[in-house]
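To start, the structure under review is shown below, and the notes come after it.
The values are calculated or read from the model by the stated rules, or taken from the named source; none is laboratory data. Small disclaimer: the values here were computed from a predicted structure and weren't measured. Cβ sites come from the backbone with ideal geometry, for glycine too, and all protein chains shown count toward neighbours. These accessible areas exclude ligands, DNA and RNA; they are computed on the full protein's heavy atoms, side chains included. Shrake-Rupley method; radii C 1.70, N 1.55, O 1.52, S 1.80 Å.
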Amino acid sequence: MSATTILFTFANKMTTAANTIILQYTAPIFVVILSALIFKVKPKKLDIIAIILIFGGVVCFFIDGLSAGNMLGNGLALLSGLTYAGIFMMNTSKNADSLSSTFFGMCINVVVGLPFLIQQDYSGTTTIAWIAFFCLGLFQVGFGYVFLNIGLKTTPATMASLVCGLEPVLNPIWVAIVYHEMLTPLALIGAAIVFLTIIFYNILKAKSAS
């Protein structure tokens, strides 16, 4: 988890935000590959179709911001996708404790990130900015990972990684709702692909399990 955060942060500085997000969301592909190589779990046709559709939807959503970017940055973003896949596989082994892994991963993030944090100039930081900083750390990251770990106890790694494909498209949608920043038609198509794929994927999975 700490590796994912660190790689994503550096990648975001070296290449475009769109490149970083899209390359990180190769995670479901890596989940399938790693599951097949390590645990000999053969991917089902539904999983593969869902991965292709969701990845395609995310690409459509961010295609306006895509560029060649910095190759090192793109490489780091792709590596963050690989390590992000590991987050969804934390509960795969019998004696796994994903919540403890998350806690120690965050501790490593603090140690690595603290020198960079200290170097920043906070003289112009407003009270609202500090409140936002606190809320993002506690609710968006803290509770977000707690809920993710609880969900991973009963959700297969592939399904969890696909459901999390909602994350990159929900952020700009909330911005559009709150700040009235209009999305492009292609972005709306991409969002629709992601939402519909996840809905039908879960419905079909539930039917096959019953």
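Points worth noting:
- Condition check for Leu204: surrounded by fewer than 15 Cβ atoms within 10 Å (Cβ to Cβ) and either out of contact with any Leu (no Cβ under 9 Å at 6 or more places or on another chain) or in a helix (DSSP H, G or I) (or both): yes
For (1) in contact with a strand residue (DSSP E or B) (Cβ under 7 Å, 6 or more places away or on another chain); (2) of a type in the set (S, T, N, Q); (3) free of Cβ contacts under 8 Å to residues at least 60 places away in the same chain, each residue gets a yes or a no:
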position	(1), (2), (3)
Ala11	no, no, no
Thr15	no, yes, no
Leu82	no, no, yes
Gly86	no, no, no
Val110	no, no, yes
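- Neighbours by Cβ (under 8 Å, 6+ apart or cross-chain): first from the range 198-210, aromatic (Phe, Trp, Tyr); second surrounded by 10 or more Cβ atoms within 10 Å (Cβ to Cβ) and not in a helix (DSSP H, G or I): none
- Single match in Asn12, Asn95, Asn91 (criterion: open to solvent by 30 Å² or more (accessible area, probe 1.4 Å), in contact with a helix residue (DSSP H, G or I) (Cβ under 9 Å, 6 or more places away or on another chain) and in a loop (DSSP other than H, G, I, E, B)): Asn91
- Applying the condition of being aromatic (Phe, Trp, Tyr) and in a loop (DSSP other than H, G, I, E, B) to the range 15-55 and asking which residue is least open to solvent (accessible area, probe 1.4 Å) yields Tyr25.
- One residue alone among Ala160, Ala77 is open to solvent by less than 60 Å² (accessible area, probe 1.4 Å) and either touching a strand residue (DSSP E or B) at 6+ places or on another chain (Cβ under 9 Å) or more than 18 Å from Ala3 (Cβ to Cβ) (or both), and that residue is Ala160.
- Test: residue in the range 182-191 that is without any contact (Cβ under 8 Å) to a residue 24 or more places away in the chain and assigned to a helix (DSSP H, G or I): yes
- Enumeration of residues in the range 163-178 that are open to solvent by less than 60 Å² (accessible area, probe 1.4 Å) and aromatic (Phe, Trp, Tyr): none
- Test result for Asp64, closer than 26 Å to Phe195 by Cβ and of a type in the set (D, E, K, R): yes
- Taken as a whole, the structure places Thr155 among residues that are in a loop (DSSP other than H, G, I, E, B), open to solvent by less than 50 Å² (accessible area, probe 1.4 Å) and within 22 Å of Thr26 (Cα to Cα).
- Condition met for Ser100 (over 16 Å from the mean Cα position of the chain (by Cα) and at negative phi): yes
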